[in-house]
Amino acid sequence: MHPETDKSANAAIEATIREHLAVLGHCGYGVSELRIFDPLPQVAYADSEDAAVRLSLAMDGRTCGIYIGVQSRPIHLFDCAPNRWVAARGGPDGNCARDSDIEYITAVFFDIDVVSPARLDGCPASEEELKDSLQAAELLSRQDGLAGNSTICCSGNGHYVLAPLIPVAIDSPQVAGQFRSFCRGLADGVAGQITGARIDPVYNLSRVMRVIGTWNNKGKPQGERPHRRARFVTPAPPFRSIALHYMILNADDSRAAVVQQEVPTALRCRLDRIEQCEFIQWCRRHPQAVSEPQWFALITNLAHLKDGAGLVHEISARDGVRYDYADTQRMIERILREGYKPVSCKTIMSPAMARPGRGMFRCSRIARCPARAPMYLAASHTVYTR
């Protein structure tokens, strides 16, 4: 390839990233949070467009994906990783943004995933499958508030609908509820008309999305299922929507409140104590050996604990091939909403849980440990022990 072609391609990639940053509109409302989840979780905060582009290009192609917070992050988080990549830490003393940190809504975002057996097995989407998610994105983008105010992007394995708006200040918990209710209402309005794809139901304020213009290297490529760069499918709207601004502020948050009540409150705990568990240690050291049932068991033991969801993402992300933020978050919410109890240590060590060809997990402390499931090592209440 000619050097001139390389320069032209690089210029196009940079231009796409800058277009994405412009749609998000973080400038003047805080900083941008960038995330990667493999080979190890890292975070960076960029205080300018140039810094965000530089940080993205530095990691492009070296990870399964580069992600950016849809909403701007408060300026005080900048000191956690000022214009540089650092190791990401979860928990109350972590350096990654949480919903409670978000001060402004600058964009509305919908993630539309391909649904197929091959995708469930971890393969990239085919072009035929992407037609289904594109059709769903086109349908959603024609809804009130999004029509004429949104852009469609291809994430590589699905599609996004992204709409910039005049920023809404998060000055009360009610506004956050109105935002979730507005997003759910739009998605629910078209869900019954969609086949071969699904709209991700997660609308938390600290949500991240793939940086448009960068590689999506998730999954094992094969034949007609290649890795792709995320790209814009339709032009970005020229203005930030004032209509969306008021539609969010006028949304009824009662439905969002009901949804929140369906998810039990996390248990108070000493989360650091769960690191003593040999199963947790094993999942960290051998992420590719963790079977789907073992992953489910891991989530049932962590999701109920305060700040346990962040630990689920941190451990899951060590498997750079199978990890997907949205899928993991959906599983966390499903386990909490449907009240799954923590899978016991005895069940975790059963042959049915092993991944073929990868061996079984064995705990050397099973006879001495007082906990009947990993979660209870961290939970405050002694009633949960054997």
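The values are calculated or read from the model by the stated rules, or taken from the named source; none is laboratory data. Note that the structure is predicted; figures quoted are calculated from it, not measured. With ideal geometry, Cβ positions are generated from the backbone for all residues, glycine too; neighbour counts draw on all protein chains shown. Side chains are part of the model used for accessible areas, which takes the heavy atoms of the whole protein and leaves out ligands, DNA and RNA. Shrake-Rupley method; radii C 1.70, N 1.55, O 1.52, S 1.80 Å.
Here are the numbers:
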{"quantity": "Selection status of ASP111, open to solvent by 10 Å² or more (accessible area, probe 1.4 Å) and either among the basic types (Lys, Arg) or under 21 Å from ARG229 (Cβ atoms) (or both)", "calculated": "yes"}
{"quantity": "Flag for ILE105 being more than 23 Å from THR328 (Cα to Cα), part of a strand (DSSP E or B) and modelled with pLDDT of 95 or more", "calculated": "yes"}
{"quantity": "Exclusive hit being at pLDDT below 95, in contact with a Phe, Trp or Tyr (Cβ under 6 Å, 6 or more places away or on another chain) and either within 27 Å of LEU305 (Cα to Cα) or of a type outside the set (Phe, Trp, Tyr) (or both), set GLY145, GLY61", "calculated": "GLY61"}
{"quantity": "In the range 195-226, residue modelled with the lowest pLDDT [restricted to those that are open to solvent by 50 Å² or more (accessible area, probe 1.4 Å) and in contact with a strand residue (DSSP E or B) (Cβ under 7 Å, 6 or more places away or on another chain)]", "calculated": "ARG198"}
{"quantity": "Selected residue [touching a Ser or Thr at 6+ places or on another chain (Cβ under 7 Å) and either open to solvent by 40 Å² or more (accessible area, probe 1.4 Å) or of a type in the set (Val, Ile, Thr) (or both)] from ASP144, ASP132, ASP171", "calculated": "ASP132"}
{"quantity": "Inter-residue pairs, beta-carbon under 8 Å, first closer than 16 Å to ILE248 by Cα and of a type in the set (S, T, N, Q) and in the range 173-202, second assigned to a helix (DSSP H, G or I) and open to solvent by less than 20 Å² (accessible area, probe 1.4 Å), 6+ apart", "calculated": "GLN178/ILE248; GLN178/ALA256; SER181/ALA256"}
{"quantity": "Residue list for the range 365-379, filter: in a helix (DSSP H, G or I) and of a type in the set (A, V, I, L, M)", "calculated": "MET375, LEU377"}
{"quantity": "Hits in the range 1-34 (condition: more than 22 Å from ASN216 (Cβ to Cβ), outside any loop (DSSP other than H, G, I, E, B) and at pLDDT 95 or above)", "calculated": "VAL31"}
{"quantity": "Single residue of the range 351-364 satisfying the filter (in a loop (DSSP other than H, G, I, E, B) and either touching a Leu at 6+ places or on another chain (Cβ under 8 Å) or surrounded by 13 or more Cβ atoms within 10 Å (Cβ to Cβ) (or both)) that is modelled with the highest pLDDT", "calculated": "CYS363"}
{"quantity": "Test: residue in the range 278-287 that is open to solvent by less than 30 Å² (accessible area, probe 1.4 Å) and more than 23 Å from PHE37 (Cα to Cα)", "calculated": "no"}
{"quantity": "Selected residue [modelled with pLDDT under 85 and of a type in the set (Asp, Glu)] from GLU262, GLU314, GLU292, GLU275", "calculated": "GLU262"}
{"quantity": "Which numbered condition VAL53 fails, given (1) open to solvent by less than 30 Å² (accessible area, probe 1.4 Å); (2) more than 29 Å from HIS245 (Cα to Cα); (3) part of a helix (DSSP H, G or I)", "calculated": "(2)"}
{"quantity": "Residue selected from the range 370-379 under the condition in contact with a helix residue (DSSP H, G or I) (Cβ under 7 Å, 6 or more places away or on another chain) and open to solvent by 10 Å² or more (accessible area, probe 1.4 Å), by the criterion farthest from THR347 (Cα to Cα)", "calculated": "LEU377"}
{"quantity": "Counted residues, the range 81-96 - those being at pLDDT 95 or above and crowded, with 19+ Cβ neighbours inside 10 Å", "calculated": "1"}
{"quantity": "Filter pass, ASP6 being out of contact with any Ser or Thr (no Cβ under 9 Å at 6 or more places or on another chain) and open to solvent by 70 Å² or more (accessible area, probe 1.4 Å)", "calculated": "no"}
{"quantity": "Qualifying residue in the range 110-117 (condition: over 17 Å from the mean Cα position of the chain (by Cα), at pLDDT below 95 and assigned to a helix (DSSP H, G or I))", "calculated": "yes"}
{"quantity": "Long-range neighbours under 7 Å by Cβ, at least six apart or interchain, first residue of a type in the set (S, T, N, Q) within the range 315-331, second assigned to a loop (DSSP other than H, G, I, E, B) and buried (at least 20 other Cβ atoms within 10 Å of the Cβ)", "calculated": "SER316/TYR323"}
{"quantity": "Single unsatisfied condition, LYS341 versus (1) surrounded by fewer than 18 Cβ atoms within 10 Å (Cβ to Cβ); (2) at pLDDT 80 or above; (3) closer than 30 Å to PRO124 by Cβ; (4) in contact with a helix residue (DSSP H, G or I) (Cβ under 9 Å, 6 or more places away or on another chain)", "calculated": "(3)"}
{"quantity": "The range 297-338, residues that are open to solvent by less than 50 Å² (accessible area, probe 1.4 Å) and either among the aromatic types (Phe, Trp, Tyr) or assigned to a loop (DSSP other than H, G, I, E, B) (or both)", "calculated": "ALA303, HIS304, ASP307, ALA317, ASP319, GLY320, TYR323, ASP324, TYR325"}
{"quantity": "Candidate set: the range 147-168, residues that are open to solvent by 10 Å² or more (accessible area, probe 1.4 Å) and over 30 Å from CYS123 (Cα atoms); chosen: the one nearest to the chain's Cα centre (by Cα)", "calculated": "PRO167"}
